[in-house]
Amino acid sequence: MDWDQFDLNPKTIAALKKADIKSVKEILNLSGADLQRLMKLSSADIQCLLKTVSRTLRRNSMVTALQLYQDKDHLTSQHQKLSLGCSVLDSLLRGGIPLMGITELAGESSAGKTQISLQLCLCVQYPYQYGGLESGAVYVCTEDVFPSKRLQQLIDQQHKLRADVPAEIIQKIRFGNSIFVERAADLDTFQQCITRRLSLLLARGMVRLVVIDSIAALFRCEFGPSESAVKARYLQTFGAQLHSLSTRFRTPIMCINQKCVILYRGVGNRVTPALGITWSNQLLMRLMVSRISLPGQSSGVASPCAGSMRTLRVVFAPHLPPSFCYYTVQLEGVKGIK
Amino acid sequence: MQREVGTLPLAPALRARLAAAGFQTAQELLDTGPCGLSKEIGISREEALEALQVVRQECHGDAARTAGGSAAARKCTALELLEEEQTQGFIITFCSALDNILGGGVQLTKITEICGAPGVGKTQLCMQLAVDVQIPECFGGVAGEAVFIDTEGSFMVDRVVDIAAACVQHCHLIAEAQQEEDHRKALETFSLENILSHIYYFRCRDYVELLAQVYLLPEFLSEHSKVRLVVIDGIAFPFRHDFEDLSLRTRLLNGLAQQLIIIANDHKAAVVLTNQMTTRIGQSHSTLVPALGESWGHAATVRLIFHWDNCQRLATLYKSPSQKESTVPYHITSHGFRDVQPPAVTHSAEGTEMNPRKRPRTEEEKH
């Protein structure tokens with residue numbers, strides 16, 4: 001750490017170098033008394049040091065809410081969101097997926113989670129004015145094989161789904177080239193994937209969307225009921241790393257989760273997203289998809305005549321009320337129904 | 001002047017040298033002078049000059065204090081404290097049930113902690129308070145400004161706009177019902193843009209940035225003396241990963257709590273923190289408890305726990321020095337944080353006042 005760039009007394013800088021203090025984090029981790037002892041400076045000098053490094057670290061960090069509201073620059077604005085490619089779904093989410101933070105998509109199997117994720121991988125490649133981020137996507141598969149045939153179908157039908165975009169723009173985008181598929185079937189590989197592959201792709205600006213399909217699969221077999229503390233630590237670490245990548249690169253992270261049944265004593269069963277409150281605490285927004293079951297049918301049975309109608313529900317989000325809308329899965333993709 | 005050398009705020013090594021050379025009181029140091037001092041204990045002239053400057057400042061400070069009047073060691077009676085507390089402002093939450101169990105609202109000069117599961121409404125209440133702190137005094141507010149420190153990235157300005165617009169609307173309705181001159185005047189400056197421009201937003205990405213920001217808060221609050229609310233949303237997020245050494249975490253959190261208590265007191269501001277819930281695994285079953293451990297529980301003066309009961313949101317006052325533990329339901333609408341049933345609106349002067357503690361206006365006071 002180059003202490004000379006800070007606005008410090010030469011005596012303080014010399015003391016920092018002598019005490020072998022290498023970062024602002026180290027300074028803030030030590031108590032006032034420890035700093036005095038290590039650096040042999042008075043408490044007034046230490047207070048001055050703390051204020052100076054804090055000021056340098058947090059220079060230009062204040063923004064008023066009015067400035068946030070009026071910021072229309074697509075590189076920094078909060079109003080910028082990742083569209084889902086359908087105006088009905090976008091209006092449920094007030095624009096689309098927020099760019100900073102982890103969004104979870106939970107639901108029972110074959111409710112449409114993978115369909116929505118694939119659609120997002122295509123939407124992100126459109127220009128800013130059409131709700132995209134002009135960049136590619138990373139799709140991290142943790143259990144199933146990547147549905148490349150379905151992806152190809154969706155690519156071929158983009159002109160039908162995105163009637164709002166001129167045909168020549170759609171033709172120019174090489175959709176397949178910008179989707180990076182990663183496989184991570186266990187926790188260590190996943191850890192490597194986040195710290196190496198994802199950071200690299202994000203730092204190079206090649207992707208602006210990360211899909212993890214699914215986060216629950218990583219934890220399904222590995223942890224018994226007595227290892228909940230270890231599991232919680234993994235979840236917190238992954239959550240923090242993903243959150244940090246998301247904030248640094250203004251990239252939405254979409255995590256797919258499965259549903260599980262929790263048995264409550266005496267009160268009956270409750271269907272809830274897997275991974276519990278430790279994971280929920282890391283999320284900005286939780287969406288849930290489900291199939292609509294007709295009366296007289298169990299929800300797991302696929303019914304061709306039900307018209308494959310599904311619901312997309314906002315479970316929680318800081319800017320959205322709990323609400324839902326209907327959608328179907330067509331050949332060209334996921335489309336909301338008003 | 002008779003202060004012992006060992007109590008002066010000098011570097012420990014310097015203090016040791018002075019003691020070895022036989023200096024005992026501050027007066028002796030001042031009498032020796034810088035040249036004599038540097039020769040006696042073997043330091044450079046600049047260091048001696050600096051040390052004497054520190055000593056002089058300290059003695060000057062001591063004299064001012066013993067002469068009486070400094071805020072550092074003020075003595076007062078419990079009655080004075082009670083009177084002071086009763087005139088202390090409250091920031092209303094717009095949910096009158098919650099305001100009632102809190103004794104009027106979120107109290108200034110105290111730390112209030114809000115705990116709850118994700119999605120229950122902690123950030124919503126923080127955004128509501130950041131707007132409500134700005135309500136003009138004639139409507140029963142404290143006419144302050146707000147600092148919002150966001151560690152999770154959940155501050156969505158569109159939502160704040162909804163809440164602020166609804167608050168302005170509410171004030172307009174009261175002004176129309178009451179037709180008082182100062183209401184109309186206050187509304188000229190109480191607009192959406194004005195409210196948004198007085199919410200100072202800081203985004204902290206990890207605990208180092210959060211600690212640095214809190215070190216800078218006293219200076220910021222001195223420059224922006226109208227700030228009456230500091231929100232940290234949430235305090236748990238940056239501290240729940242990254243810490244192999246939990247004792248370091250406890251020490252940092254304690255230090256943070258101390259600084260926030262001082263800030264709340266010195267600047268007459270309310271400090272509101274949000275905390276996560278974690279599972280505590282007991283013998284036969286597990287329960288949800290606030291995160292960050294037992295010792296953190298002592299940091300806040302007032303603790304609220306938000307939770308669900310089927311589909312109804314409930315707020316429990318879990319810890320308070322002056323109010324009893326109770327639970328009330330609340331609602332989050334498109335306008336923000338509200339009661340479950342809106343209270344009956346009467347058109348008498350007391351009924352439409354938002355703050356029940358405010359004295360009703362009488363004819364004599366108007367003229």
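The values are calculated or read from the model by the stated rules, or taken from the named source; none is laboratory data. Nothing here was measured: the structure is a model prediction, and the numbers come from that model. Glycine gets a Cβ as well: all are built from the backbone with ideal geometry, and neighbour counts include every protein chain shown.
Yes/no matrix, rows are residues, columns are (1) more than 18 Å from A:GLY101 (Cα to Cα); (2) at pLDDT below 95; (3) assigned by the TED database to the domain that holds B:PRO238:
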position	(1), (2), (3)
B:CYS138	yes, yes, yes
B:GLY141	yes, yes, yes
B:MET156	no, yes, yes
B:ALA164	yes, no, yes
B:CYS171	yes, yes, yes
B:ASP206	no, yes, yes
Practice prompt. Would you confirm whether any residue within segment A:97-107 is part of a loop (DSSP other than H, G, I, E, B) and out of contact with any Gly (no Cβ under 7 Å at 6 or more places or on another chain)?
Written response: yes
Practice prompt. Of the numbered conditions (1) part of a loop (DSSP other than H, G, I, E, B); (2) within 12 Å of chain A (Cβ to nearest Cβ), B:PHE148 fails exactly one; give the number of that condition.
Written response: (1)
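Yes/no per residue for (1) at the interface with chain A (Cβ under 10 Å from one of its Cβ atoms); (2) surrounded by 22 or more Cβ atoms within 10 Å (Cβ to Cβ):
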{"site": "B:LEU98", "(1), (2)": "no, yes"}
{"site": "B:ILE101", "(1), (2)": "no, no"}
{"site": "B:GLU113", "(1), (2)": "no, yes"}
{"site": "B:VAL133", "(1), (2)": "no, yes"}
{"site": "B:PHE139", "(1), (2)": "no, yes"}
{"site": "B:VAL161", "(1), (2)": "yes, no"}
Worksheet item: For segment A:108-138, what are the residues that are of a type in the set (Val, Ile, Thr) and in a strand (DSSP E or B)?
Response: A:VAL138
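For segment B:186-205, which residues satisfy the criterion of being farther than 23 Å from B:ILE174 by Cα and touching a residue at least 40 places away in the same chain (Cβ under 8 Å)?
Just the residues of segment B:186-205 that are farther than 23 Å from B:ILE174 by Cα, to begin with: B:197, B:199-205.
Correct list: B:ILE199, B:TYR200, B:TYR201, B:PHE202, B:ARG203, B:CYS204, B:ARG205.
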Worksheet, complete the sentence: A careful count of residues in segment B:185-232 that are more than 8 Å from chain A (Cβ to nearest Cβ), among the hydroxyl-bearing types (Ser, Thr, Tyr) and under 19 Å from B:GLN128 (Cβ atoms) gives 1
Worksheet, complete the sentence: Of those in segment A:100-115 that are of a type in the set (A, V, I, L, M, F, W, C) and within 15 Å of A:ILE215 (Cβ to Cβ), the residue nearest to the chain's Cα centre (by Cα) is A:ILE102
Worksheet item: Which of the residues spanning segment A:207-230 are farther than 24 Å from A:LYS113 by Cα and among the charged types (D, E, K, R)?
Response: A:GLU227
Fill in: Residue tally, condition of a type in the set (Ser, Thr, Tyr) and surrounded by fewer than 14 Cβ atoms within 10 Å (Cβ to Cβ), over segment B:314-325
1
Item to complete: Output the number of residues of segment B:4-47 satisfying the condition of being assigned to a loop (DSSP other than H, G, I, E, B), more than 14 Å from chain A (Cβ to nearest Cβ) and surrounded by 16 or more Cβ atoms within 10 Å (Cβ to Cβ).
Response: 1
Practice prompt. Name the one entry in A:GLY205, A:GLY136 that is buried (at least 19 other Cβ atoms within 10 Å of the Cβ), under 18 Å from the mean Cα position of the chain (by Cα) and in the same structural domain as A:MET285 (by the TED database).
Written response: A:GLY136
Worksheet, complete the sentence: Taking segment A:159-212 and keeping only residues that are at pLDDT below 90 and touching a strand residue (DSSP E or B) at 6+ places or on another chain (Cβ under 9 Å), one is left with A:ALA185
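Quick one: in segment B:242-291, which of the residues that are in a strand (DSSP E or B) and free of Cβ contacts under 8 Å to residues at least 60 places away in the same chain is farthest from B:THR316 (Cα to Cα)? Even if it seems obvious, please write down each step before you answer.
The first filter runs over segment B:242-291 and keeps only residues in a strand (DSSP E or B), leaving B:270-275, B:277-281, B:286-290.
Narrowing the set further to residues that are free of Cβ contacts under 8 Å to residues at least 60 places away in the same chain leaves B:278-281, B:286-287, B:289.
Working: B:THR278: 17, B:THR279: 18, B:ARG280: 19, B:ILE281: 22, B:SER286: 19, B:THR287: 16, B:VAL289: 13 Å.
It comes out as B:ILE281.
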Worksheet item: How do the helices (runs of 4 or more DSSP H) wholly within segment A:1-78 filter down when requiring 2 or more residues that are in contact with a strand residue (DSSP E or B) (Cβ under 9 Å, 6 or more places away or on another chain) and within 12 Å of another protein chain (Cβ to nearest Cβ): which remain?
Response: A:65-70
Fill in: Residue that is farthest from A:SER199 (Cα to Cα), among those in segment A:87-133 that are away from chain B (no Cβ under 14 Å) and touching a helix residue (DSSP H, G or I) at 6+ places or on another chain (Cβ under 6 Å)
A:GLY107
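Run down A:LEU320, A:LEU283 and say which single residue is assigned to a loop (DSSP other than H, G, I, E, B), within 10 Å of chain B (Cβ to nearest Cβ), in contact with a Pro (Cβ under 8 Å, 6 or more places away or on another chain) and modelled with pLDDT of 90 or more. Explain how you work it out, then say what you get.
Working: A:LEU320 fails: in contact with a Pro (Cβ under 8 Å, 6 or more places away or on another chain).
Being assigned to a loop (DSSP other than H, G, I, E, B), within 10 Å of chain B (Cβ to nearest Cβ), in contact with a Pro (Cβ under 8 Å, 6 or more places away or on another chain) and modelled with pLDDT of 90 or more holds for just one of A:LEU320, A:LEU283, which is A:LEU283.
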